[in-house]
Amino acid sequence: MNNIYDLIIIGSGPGGLSAGIYSGRAKLKTLIIEKKTFGGQILNTGVIANYPGALEEDTGASLANRMLEQCKKFGAELVKDEVLDLDLQNDIKTIKCKNSIYKTKAIVIATGSKHKKLNIDREDEFLGKGLSYCAICDGHLFEDLDVYVAGGGESAVKESLYLSKFAKKVTILSKYDKLKCSEYIKEKCTNTKNIQVINNAKVTQLLGEDILNGIKITDLKINKEIIFEAGEDGIIGLFVFVGLTPQTDLFKGLLNLDEKGYIKTNEKMETNIKGVYAVGDCRVKDLRQVITASNDGAIAAINVEKYIG
């Protein structure tokens, strides 16, 4: 039984790390499996203004690093591996990864979500050649250049504020009649001199040969096409923030998912299988923010402790 964990957490975003902190403090033998970088999507966030207690200079990465250190402090083990298959039907559950096989009494799924694509021609071709889905990763590459942001929600506006530190001008291309974000973030956007907002705008075509040097949009209100072209620099930046897709393909046929692929849970974060919980951006919920993911993780870990007890 020594090789069996009390809890294995799949994913290391704020939801997974919060579950790790709480389970570690409860003296549960805890393992966090992460296939990429510990910290999850929050690492790509430049502005953390609405998390209680966040420092003014905090970024997603700095907040995630503090959470990670807390996990280590309370004894959670960390491993980089990719989950390939799961057997969830027995009391002792099996997780098959690329490098090893793990056994556990309970599982918390915290696999999060990934950015949606525009789903237009040449999108993959221009990735890294003018097009990006991560402002904090690539924003510095566009210093003193014109940058466009596809999206009109909270994430798009927050990332535009971050990009405004580098770019000569940031143009938000929103398909909505108005920005869909908090009034605080909207006000900051309005007061930032080098940010422009174009509403009712849908990106329809990417232009250029080896690098992105033009964007064609459709004005949805008047059904008119408009082309934005690069200046003498010969390149423009396009950052895409048009929503999220849950990373739950691994659980299709195993857990109850909604029509969009999000995992269904109750208020205890329990799925339809006993001993299996889901937290954060991968589960059905109204608000996907750092604070709600952290809340989910705490609730799941407390209920894991009760379940095992």
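Which entry is the computed P(r) over Cα pairs in 20 Å bins from 0, in percent for this structure: [x] 33, 57, 10, 0; [y] 32, 50, 17, 0; [z] 30, 51, 14, 4, 1? Matching entry in [x] 33, 57, 10, 0; [y] 32, 50, 17, 0; [z] 30, 51, 14, 4, 1: [y]. Cβ crowding within 10 Å ranks CYS97, CYS137 as CYS137, CYS97, fewest other Cβ atoms first. Among the listed pairs LYS114/LYS158; LYS116/LYS175; LYS29/LYS264; LYS96/LYS117; LYS72/LYS116, give every one whose C-alpha distance is greater than 23 Å. Checking Cα-Cα distances, LYS29/LYS264; LYS96/LYS117; LYS72/LYS116 exceed 23 Å.
Please give me the summed charge of the neighbours of THR204: other residues whose Cβ is under 9 Å from its Cβ, Lys and Arg +1, Asp and Glu -1.
+1
In percent, rounded to a whole number, the relative contact order of the stretch 1-93 is 32, using alpha-carbon pairs under 8 Å and six or more apart.
If you put +1 on each Lys and Arg Cβ and -1 on each Asp and Glu Cβ, how big is the dipole of the chain around its Cα centre, in Debye rounded to 20?
Values: 42 positive and 41 negative charges, 210 e Å.
The dipole magnitude comes to about 1000 debye.
Taking the average, over residues, of other Cβ atoms within 10 Å as the packing measure, peptides 12-25, 29-42 rank 12-25, 29-42 from highest down. For the chain, CYS71, CYS97, CYS181, CYS189, CYS282 stand unpaired, since no other cysteine beta carbon lies under 4.7 Å from theirs.
Straight distance only, please: which aspartates and glutamates reach the Cα of LYS193 with their own Cα at less than 17 Å, same-chain residues fewer than 8 apart left out? Straight-distance partners of LYS193: GLU143, ASP144, ASP146, GLU159.
When each of GLU125, GLU267, GLU154 is scored by the number of other beta-carbon atoms lying within 10 Å, the sequence from fewest to most is GLU267, GLU125, GLU154. Per residue, the chain reaches -6500 deg cm²/dmol at 222 nm when only DSSP H runs of four or more residues are counted, each adding -39500 (n - 2.57). Cα centroids of the stretch 152-166 and the stretch 3-67: 23 Å apart. Scanning residues 5 or more positions from VAL197 or on other chains, those with amide H under 5 Å from its amide H are ILE172, with H placed 1.01 Å from N in the peptide plane. Computed from backbone phi with θ = phi - 60° and the Karplus coefficients 6.51, -1.76 and 1.60, the 3J(HN,Hα) list for the stretch 151-166 is x, x, x, 4, 5, 4, 6, 4, 5, 5, 4, 5, 5, 5, 6, 10 Hz; x is used for glycine and proline.
Bear in mind these aren't lab numbers, they're just calculated from the coordinates by the rules spelled out. Since we're looking at a predicted model, the values are computed, not measured. All Cβ positions, even for glycine, are placed from backbone atoms using ideal geometry, and neighbour counts span all protein chains on display.
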